[in-house]
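To keep things clear, I will list the structure first and then write my remarks on it.
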Amino acid sequence: MEKSGSVIQGSANRRTFLKNGMVAAGAATVGAGLLGREVSAFDQEDEKSGKLTRGDAAILRFLAAAEILETDLWVQYNELGGIQDSEVPGGSGSPPYTAALQVLDSDMPQYIHDNTEDEFTHENFINAYLASKGADIVDLEEFRTLQGSAATGASGKPRLTNLMELTVDTSWWTRYRSRTKNPDFGDTFPQAIPSLAVGKHPAIPRTNADLTPNDHIQAIANTAGFHFGTIEQGGTSLYPSLAQRVTSVEVLRIVLSIGPTEAMHFQTWQDKAGNAPPLTDPKDPTLVFPNLNAPPFGKTNVGSFGIMPEPTIFLSRSLPVCSIVRPTGTKGAAMGAAKFLTAMGLFRGQSPAFLAALRDLAEDADDARRECERRDG
Ligand SMILES: [Fe+2]
Ligand SMILES: [Fe+2]
């Protein structure tokens, strides 16, 4: 499908974030030391000769970008609140922040570490697979320009994502607890933490001034606890949504094998978020964490214990309810994910070129169509 250049702004600088896969395959580390060159993502013959359909390559590239961004944000969490080791290097930890996270679960540093490593492997695998097929890979290093946390324990390196001005959508809490509604039917859901869904909130200490008083750093840790769930439920929906556009059985296997690990993350974080202690942030009294086991929550399955997905309507109201991931609609799924990440403030401070790059990748992924006649192998 040809695209009109007028649809996309900044076309002169488009595609600098794509790197030639044949070059990347020979690099010691994908994304490092590449001989970047301008490439045309719309050259179908190039993609075909790499044995991926253009649609499959576009889906994998959007997922690679999403995983690069996930890795970047998880690295920031791990530097301050995880476990810094050879598997996930960087930073030296913030004991007050880590202690506040451990109020949610004493194993939080290990979980943060493991989630971070998982995202590294998702990013590296997808890009390496693209390169192995001779397809272009995604490299967002040119957009690594944001200043991260200045608190003790952070590495201070430039970031792709901003965890210090988040607007966290916590409606997944009620979405997965509803027996009668589904976002794919146009339904909307109330927020678990209404005050997190408006304004700008830090999920990591911005400076050492954020480490006290106790309820303030706890509010930051609580924000992180809900943000973990928000991010990972997004991945839980994104993979099955895009899988419906995949042509190659091998690419389908990749998408179906990574996607459920996002659900495993989400399930863990959903359980931990329910342990966030009720409080009001003393440095921002508009930020209130309510008791999720008291009204209006605390009813059947809506409380902190309701972590298994409630069955709900699926495909048709005339069919029986079913326990499912939601949403999984495929139309506009990649752009929906890009907008979701942008709306949470993850890219506050990023350049227009970055947002254009993300939009380009999402548009290409959403243009993918399943080619049913194609045979693999
Ligand atoms: Fe991931
Ligand atoms: Fe994830």
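The values are calculated or read from the model by the stated rules, or taken from the named source; none is laboratory data. Everything numeric in this text was worked out from a predicted model, so none of it was measured. No Cβ is skipped: glycine too gets one built from the backbone with ideal geometry, and neighbour counts run over all protein chains shown. Heads up: the accessible areas ignore ligands, DNA and RNA and are worked out on the full protein's heavy atoms, side chains in. Shrake-Rupley method; radii C 1.70, N 1.55, O 1.52, S 1.80 Å.
Would you check which residues across segment 168-180 are surrounded by 17 or more Cβ atoms within 10 Å (Cβ to Cβ) and either touching a Pro at 6+ places or on another chain (Cβ under 8 Å) or assigned to a loop (DSSP other than H, G, I, E, B) (or both) and list them?
Val168, Asp169, Thr170, Ser171, Thr174, Arg175, Tyr176, Arg177, Ser178
Scan Leu238, Leu196, Leu252, Leu211 and give me the residue that is within 16 Å of ligand 2 (Cβ to nearest atom) and hydrophobic (A, V, I, L, M, F, W, C).
Checking each option against the conditions leaves just Leu238.
What are the residues in segment 56-84 that are crowded, with 24+ Cβ neighbours inside 10 Å and not in a helix (DSSP H, G or I), if any?
Gly82
So which residues in segment 222-252 are more than 16 Å from ligand 1 (Cβ to nearest atom) and either open to solvent by 10 Å² or more (accessible area, probe 1.4 Å) or not in a helix (DSSP H, G or I) (or both)?
Across segment 222-252, the qualifying residues are Gln244, Arg245, Val246, Thr247, Ser248, Val249, Glu250, Leu252.
Check off (1) surrounded by 17 or more Cβ atoms within 10 Å (Cβ to Cβ); (2) under 30 Å from Pro213 (Cα atoms); (3) touching a residue at least 60 places away in the same chain (Cβ under 8 Å) for Pro277 and give me the number that stays unchecked.
Going through the list (1) surrounded by 17 or more Cβ atoms within 10 Å (Cβ to Cβ); (2) under 30 Å from Pro213 (Cα atoms); (3) touching a residue at least 60 places away in the same chain (Cβ under 8 Å), Pro277 breaks only (1).
Would you pick out the residues in segment 86-109 that are open to solvent by less than 50 Å² (accessible area, probe 1.4 Å), not in a helix (DSSP H, G or I) and not small (Gly, Ala, Ser)?
Residues satisfying the conditions are Val88, Leu104, Asp105.
Among the residues of segment 343-366, is any farther than 24 Å from Thr167 by Cα, under 21 Å from the mean Cα position of the chain (by Cα) and part of a loop (DSSP other than H, G, I, E, B)?
For segment 343-366, residues farther than 24 Å from Thr167 by Cα, under 21 Å from the mean Cα position of the chain (by Cα) and part of a loop (DSSP other than H, G, I, E, B): absent.
Condition first: of a type in the set (A, V, I, L, M, F, W, C), within 15 Å of ligand 2 (Cβ to nearest atom) and open to solvent by 20 Å² or more (accessible area, probe 1.4 Å). Now tell me which residues in segment 255-273 satisfy that.
Ala263, Met264
Which residue pairs have Cβ atoms closer than 7 Å, lie 6 or more positions apart in sequence or on different chains, and pair a first residue in segment 330-355 that is under 16 Å from Asp169 (Cα atoms) with a second residue that is modelled with pLDDT under 95?
No pair meets every condition.
Considering only residues of segment 309-324 that are open to solvent by 50 Å² or more (accessible area, probe 1.4 Å) and aliphatic (A, V, I, L, M), which is farthest from the chain's Cα centre (by Cα)?
Out of the qualifying residues, it is Leu319.
Quick test of your reading of the structure: Glu117 fulfils all but one of (1) open to solvent by 10 Å² or more (accessible area, probe 1.4 Å); (2) within 16 Å of ligand 2 (Cβ to nearest atom); (3) within 25 Å of Pro278 (Cα to Cα). Name the failing condition by number.
Of (1) open to solvent by 10 Å² or more (accessible area, probe 1.4 Å); (2) within 16 Å of ligand 2 (Cβ to nearest atom); (3) within 25 Å of Pro278 (Cα to Cα), only one is false for Glu117: (3).
Mind counting the residues in segment 199-210 that are surrounded by fewer than 20 Cβ atoms within 10 Å (Cβ to Cβ) and either free of Cβ contacts under 8 Å to residues at least 60 places away in the same chain or part of a helix (DSSP H, G or I) (or both)?
4
Scan (1) surrounded by fewer than 17 Cβ atoms within 10 Å (Cβ to Cβ); (2) within 26 Å of Thr207 (Cα to Cα); (3) within 16 Å of ligand 1 (Cβ to nearest atom) for the single condition Ile112 breaks and write down its number.
(1)
Within the bounds of segment 134-154, is there any residue that is among the polar types (S, T, N, Q), in contact (Cβ under 8 Å) with a residue 60 or more places away in the chain and in contact with a His (Cβ under 7 Å, 6 or more places away or on another chain)?
Looking through segment 134-154, none of the residues is among the polar types (S, T, N, Q), in contact (Cβ under 8 Å) with a residue 60 or more places away in the chain and in contact with a His (Cβ under 7 Å, 6 or more places away or on another chain).
Taking segment 224-250 on its own, how many of its residues are under 18 Å from Leu104 (Cα atoms) and in contact (Cβ under 8 Å) with a residue 60 or more places away in the chain?
Count: 7.
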